[in-house]
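Novice: Take a look at the following structure, please.
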Amino acid sequence: MKQLGAADPRRIGPYTLFGRLGAGGMGAVYLGRARGRTVAVKVVRPDLARDDAFRDRFQREVEAARLVSGAFTAPVVDADTRARIPWMATTFVVGVSLEQAVSTRGPLPENVLWALTAGVAEALASVHDAGLIHRDLKPANVLLALDGPRVIDFGIARAVDGTALTSTGAIIGSAPYMSPEQAVGEALTSASDTFSLGSAIAFAARGDSLFGAGAAAGVLFRIVHTEPDLGAVPAGLRDLIAACLAKDPDDRPTPRQVSEFVEREGHPVPSGGWLPDAVAADIIAVRAVMTTLPEPPPTLPFTQVTPGLGAPVPGAPASGPAGPVLAESGGPESGGPGVGGPEPGGPAAGGPNAGGPYAGGPQSPSGRPWLGRRKLLLGLAGGTLAVAGAGTWLGLALSASGEAKGGSGSGPRPSGNDVPEATLAWKMKQSATCPQVISTDGVVVCPSLEKVLALDDEGRTKWTVSGADHGLAFSVQGSLPNVIAAVDDGHLYVAGMAMKSMEMRSAVLAIDLAKGKAAWTATLDRPHTQGVLRFCGVLDGTAYLIGFGDGKDHGPSPAGYHVWALDLASRKTSWFHGEDAGLIFSALPQRGDGALFASTTRLRALDAKGEVAWSKKVEPHTVDAAGRHFVLVDGGGRMSALDAATGKSVWEVPDAVPMSLRGGGIATDKDGSVLYALWQDKDHGYSLGALDSGTGRTRWKVPVPADSKDSRSFGARLLCADGNLYRMGADSVVWAFDPSNGKPRWKYTGMKGTDPSKLAWTAGDGRLCLSDPTATTVAALHANGA
């Protein structure tokens, strides 16, 4: 038996292998590249490679799969079924699975459902035209790409049929998406795939499986004996989906009839821009990371020597089931005829590629995704949690009673009609989403997923830095605002993710603002992490970042969250702190040590070594800092100043307005001695006030002009810079106040009517800047409004 290194373990045929995309009963799938082309390479298990009957069936499968073509499939591009280890290469499609998209972004809108139905139906028509039956169509095997959906893993069941992997009466498929005839072990026709199509589209409309979850026996019973609830499916699609879900296969339309129905109804097949912005951003994130893959190391850890075959080859899949539901009919573990095998929804509820080899990007050799299937490393899941959670709490806080609690500030409410309108300095449209905007050192900085753009005083491009040039993709939360960068001592620090040890890790790119060039990159040295979600800030030369993954091995993919403290001088990790709960708030004191982080139910203060200094169970609605104190606004509107060292309350005031979805519940002056906040008045308007941060004593409080009547409760969003106190209203009108007395100086109504929760803003360096990531526009005003 040859030793490792006797042959190049990185290669199969002409393809250099980078990492495992998935694994299952037939073998494993790897990301491969050759001659500038990226493919997904299916490599047969070594024991099956010695099975002549399997080789013959695999040969027929490859020949049949080569016949499948069409815009909505991932066809075979290369194969060698007679190699020592048989393999097949298919087109690698950059996208996210339907399962992942719906799980992280929620049900899809009606226009997307029509396009999805047409595309998947066309893909199935191509499969059926080739004489194949998919047998395992499910959301994990439907890939959403920017130019339309793709159906992947077609015909896999045929490749293993009749080998040692199956036996008489065996059922292959994923329980929640099986047809009734498949569930009871009957012979299948192409109509079985039509039933699975209806189930998959219903999942996309509902957000969950049509026939429920749980044990396979229960799911299959419901498929065979109950009628599904299609109430969440749009009315126009409901009859079509119901026809696909007919119990009798003869009553179902063919895939071609499905796509023709969509066309007759006037809904075109998928084209550019067919996906929601957030899902499209997730796909762009996958593409960005794929373009920065490093060369593999000389010997990959997923190689092994195959007994009796000589040369080392990519190894068998990780231990544990990872294939489709596979059970003998009526076996002892079945729970009924034709029922058994791995639980649906778990790692085994999929084809040999466990959730689709292309869904969410490649995995490391240990099975942990380079791009998580359920949670993208870009902070998409964490950001969604923060938005949803904060929105719920905000609604409860602002509408807990029919009448606002607080009294108004002194004097009547001003109309604001006599406040002058600010003059727009410049406004420009970008080619990419800008989730954060920073005004500093003579430039306006706009970081996006792929690059950092700096604009001059006229809004013209001054310099750009590409993340791909430095092996990074930056942290972007779809088309919503997100804090991914911070400035300190003449440098811009941008958070993102980079490849290290065949896994994605949190990373930071430092950019010299004066030169407009990257200075260095630092990468987190902790496994089981997947990238930065949010940049908390810089304090005394240390950057604090929240990322996904708690640094512990949870199996196939990282879980939990982490805080990464990075020493900017040494570019090394100062400390790492893992949490199982979602971290959605953070605060750094303006003076002193430590940092505060919070989930939806608890505050935790971490000391200079990353150890928990104190913990407090509370429902936070705003977490911030002023001077040496942390500031908390809880669910009852009580504002508390907490001692940073002990967590004890220093002072409290009632009836404060919590932050909006995008943060900014309070603002402070430069040294943190004065704290600014909002209080809601009995007429449902607001008063703006200033407190002494050390004692909580009110310095002044005045009513502010009312927002538009049609605007909804929004919460507090404040900034203080350049001698102005800024407030963004629920109608997206921006006001500049005198921070010494609260008198309005000017207003800007140019964003009026825009959803304020979708705007990013910043103040500093003599400017107020606004970014609309959805519209990809950035605007700047001078601090004096002129």
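The values are calculated or read from the model by the stated rules, or taken from the named source; none is laboratory data. Keep in mind the model is a prediction, meaning the values are calculated, not measured. Glycine also receives a Cβ, built like all others from the backbone with ideal geometry; neighbour counts cover every protein chain displayed.
Novice: Among the residues of region 657-679, which ones are of a type in the set (Lys, Arg) and under 19 Å from Trp700 (Cβ atoms)?
Specialist: Within region 657-679, just Lys670 meets the criteria.
Novice: Kindly provide the set of residues from region 616-630 that are assigned to a strand (DSSP E or B) and either modelled with pLDDT of 95 or more or surrounded by 16 or more Cβ atoms within 10 Å (Cβ to Cβ) (or both), ordered by number.
Specialist: If the condition is that a residue be assigned to a strand (DSSP E or B) and either modelled with pLDDT of 95 or more or surrounded by 16 or more Cβ atoms within 10 Å (Cβ to Cβ) (or both), then Lys616, Pro620, His621, Thr622, Val623, Asp624, Ala625, Ala626, His629, Phe630 are the ones that fit.
Novice: Quick check on region 166-211: of everything there that is of a type in the set (Gly, Ala, Ser) and more than 26 Å from Val233 (Cα to Cα), which residue is modelled with the highest pLDDT?
Specialist: Ala187
Novice: Sort out for me the helices (runs of 4 or more DSSP H) sitting completely within region 173-243 that have 2 or more residues that are under 28 Å from Thr104 (Cβ atoms). Outline the logic, then answer.
Specialist: Details: elements: 180-183, 191-206, 216-225.
Counting at least 2 such residues, we get 191-206, 216-225.
Novice: Under the condition of being small (Gly, Ala, Ser) and closer than 22 Å to Gly416 by Cα, which residue from region 668-686 is modelled with the lowest pLDDT? So that I can check it myself, show each step before the final result.
Specialist: First, pick out the residues of region 668-686 that are small (Gly, Ala, Ser): 672-673, 677, 685.
When the remaining residues are screened for being closer than 22 Å to Gly416 by Cα, the result is 677, 685.
Working: Ala677: 96, Gly685: 87.
The qualifying residue modelled with the lowest pLDDT is Gly685.
Novice: If you don't mind, another one. Need the failing condition index for Gly665 against (1) over 23 Å from Gly764 (Cα atoms); (2) in contact with a strand residue (DSSP E or B) (Cβ under 6 Å, 6 or more places away or on another chain); (3) part of a loop (DSSP other than H, G, I, E, B), just the number.
Specialist: Single failed check for Gly665: (1).
Novice: While we're here: Which of the residues that make up region 448-480 are of a type outside the set (Ser, Thr, Tyr) and assigned to a strand (DSSP E or B)?
Specialist: Lys451, Val452, Leu453, Ala454, Leu455, Lys462, Trp463, Val465, Leu472, Ala473, Phe474 - these are the residues of region 448-480 that are of a type outside the set (Ser, Thr, Tyr) and assigned to a strand (DSSP E or B).
Novice: Tell me, yes or no, whether region 748-760 has at least one residue that is surrounded by 22 or more Cβ atoms within 10 Å (Cβ to Cβ) and among the charged types (D, E, K, R).
Specialist: no
Novice: Which residues, taken from region 661-704, are crowded, with 17+ Cβ neighbours inside 10 Å, more than 25 Å from Ser732 (Cβ to Cβ) and of a type in the set (Val, Ile, Thr)?
Specialist: Val674
Novice: When the residues of region 519-535 are narrowed to those that are of a type in the set (Val, Ile, Thr) and out of contact with any helix residue (DSSP H, G or I) (no Cβ under 7 Å at 6 or more places or on another chain), which ends up farthest from Gly467 (Cα to Cα)?
Specialist: Thr529
Novice: Which members of region 631-660 meet the condition of being of a type outside the set (S, T, N, Q) and crowded, with 21+ Cβ neighbours inside 10 Å? Talk me through it step by step, then tell me what you get.
Specialist: Taking region 631-660 first, the residues of a type outside the set (S, T, N, Q) are 631-639, 641-645, 647-648, 650-659.
Those that are of a type outside the set (S, T, N, Q) and crowded, with 21+ Cβ neighbours inside 10 Å: Val631, Leu632, Val633, Gly637, Met639, Ala641, Leu642, Ala644, Ala656, Val657, Pro658, Met659.
Novice: Shifting gears a bit: So is Ser97 among the hydroxyl-bearing types (Ser, Thr, Tyr) and modelled with pLDDT under 80 or not? Give the steps one after another, and end with the answer.
Specialist: Values: among the hydroxyl-bearing types (Ser, Thr, Tyr): yes; modelled with pLDDT under 80: no.
Against the criterion (among the hydroxyl-bearing types (Ser, Thr, Tyr) and modelled with pLDDT under 80), Ser97 does not qualify.
Novice: Within region 568-577, is even one residue more than 22 Å from His621 (Cα to Cα), of a type in the set (Ser, Thr, Tyr) and either in contact (Cβ under 8 Å) with a residue 24 or more places away in the chain or part of a strand (DSSP E or B) (or both)?
Specialist: Yes: one or more hits.
Novice: Which numbered condition in (1) touching a Phe, Trp or Tyr at 6+ places or on another chain (Cβ under 9 Å); (2) in contact (Cβ under 8 Å) with a residue 40 or more places away in the chain is the only one that His782 fails?
Specialist: Only one criterion is unmet by His782, namely (1).
Novice: Looking for whichever is of a type outside the set (Val, Ile, Thr), in contact with a strand residue (DSSP E or B) (Cβ under 8 Å, 6 or more places away or on another chain), assigned by TED's automatic domain parsing to the domain that holds Gly664 and more than 23 Å from Ala608 (Cβ to Cβ) here; the options are Phe548, Phe535. Which one fits?
Specialist: The match here is Phe548.
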